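Below: the structure, in structure tokens.
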Amino acid sequence: MAGAPAAFDVVAPAHWRAIDFISDLHLGAALPRTFEAWAAHLRATPADAVFILGDLFELWVGDEMREREFERRCVEVLAGAAQRLTIGFMAGNRDFLVGEDLLRNAGMIRLPDPTRLDAWGRIVLLSHGDALCLADHDYQAFRRQVRDPAWQGAFLAKPLAERLAVAAEVRSASAARQRFDGDAATDIDRDEATGWLAAAGAATLVHGHTHRPGDDAIGAGLQRHVLSDWDLDGGDRADVLRLTRDGFERIAPAS
Ligand code: MN
């Protein structure tokens, strides 16, 4: 509670009727069905906004990646949807190196973590969730390192091929991978989360990252909604959390 971060404020225009939240799609060329379902949802959703709360991409080591074949298709989908919707992008632990070039090309607005959303008078705090997993000390130390601007500047100054090689190394070494992703068994810290909510004056938290979708109470009068990860290639998971004036509902992607 001591260090609840200041939240960025977003106010939903009064004429909006629905906001979709998705996260943890982990898009990559190896998951074509997941990509197609995501692209179809962005084309067909009747919502006024889609807020992506982290880990849209399996890996993002710099905005030069948007010139690669698969990532270029992702940018086309986002830019097409951005013509008729507001698309918000919050970084996750996989795609924290998404920069202003990609946001501009894709027509997305950046949502800092956390973001405080005021939608029709309802205050909702949005986070990827990894920063709240305090019990995972190894991951939090890694996170502090890679979120440091000096570290990022030095990493992004390396050639793209070298950055990709570093990422491949992390993924092949299980200890390093666990540091990179966080321990899957770790949930968010309730006290930290309720501290963030109090600081934001919010009663509802929406986050992803843990890949354990659900809705529960995290304190007196405090609710949280955990977003589903998406995997339609090896699995059968793809949920959208939709907020309207009437509240939250979980729906299948639009097609
Ligand atoms: Mn994550």
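The values are calculated or read from the model by the stated rules, or taken from the named source; none is laboratory data. Remember, it's a predicted structure, so these values are computed and weren't measured experimentally. Ideal geometry is used to build each Cβ from the backbone, glycine not excepted, and the neighbour counts take in all protein chains shown. Just the protein is used for accessible areas: all its heavy atoms, side chains included, with ligands, DNA and RNA removed. Shrake-Rupley method; radii C 1.70, N 1.55, O 1.52, S 1.80 Å.
Key figures
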| read-out | value |
| --- | --- |
| Of all accessible heavy-atom area on the chain, the percent that carbon and sulfur account for (1.4 Å) | 51 percent |
| Dipole magnitude of the chain about its Cα centre (Cβ charges: Lys, Arg +1; Asp, Glu -1), debye to nearest 20 | 460 debye |
| Selection from Phe70, Trp60, Ile123 lying farthest towards where the dipole of segment 1-145 points positive, charges on Cβ | Ile123 |
| Dipole axis of segment 193-255 (+1 Lys, Arg; -1 Asp, Glu on Cβ), positive-most option in Gly195, His207, Leu243 | Gly195 |
| Largest-first principal axis extents of the Cα set of segment 17-245 (Å) | 49, 41, 34 |
| Dipole of the chain [Lys/Arg +1, Asp/Glu -1 at C-beta], most positive-end residue of Ile19, Leu160, Gly3 | Ile19 |
| Residue-normalised accessible area of segment 17-245, given per residue in Å² at a 1.4 Å probe | 41 Å² |
| Distance from segment 20-59 to segment 160-223 (C-alpha centre basis), Å | 18 Å |
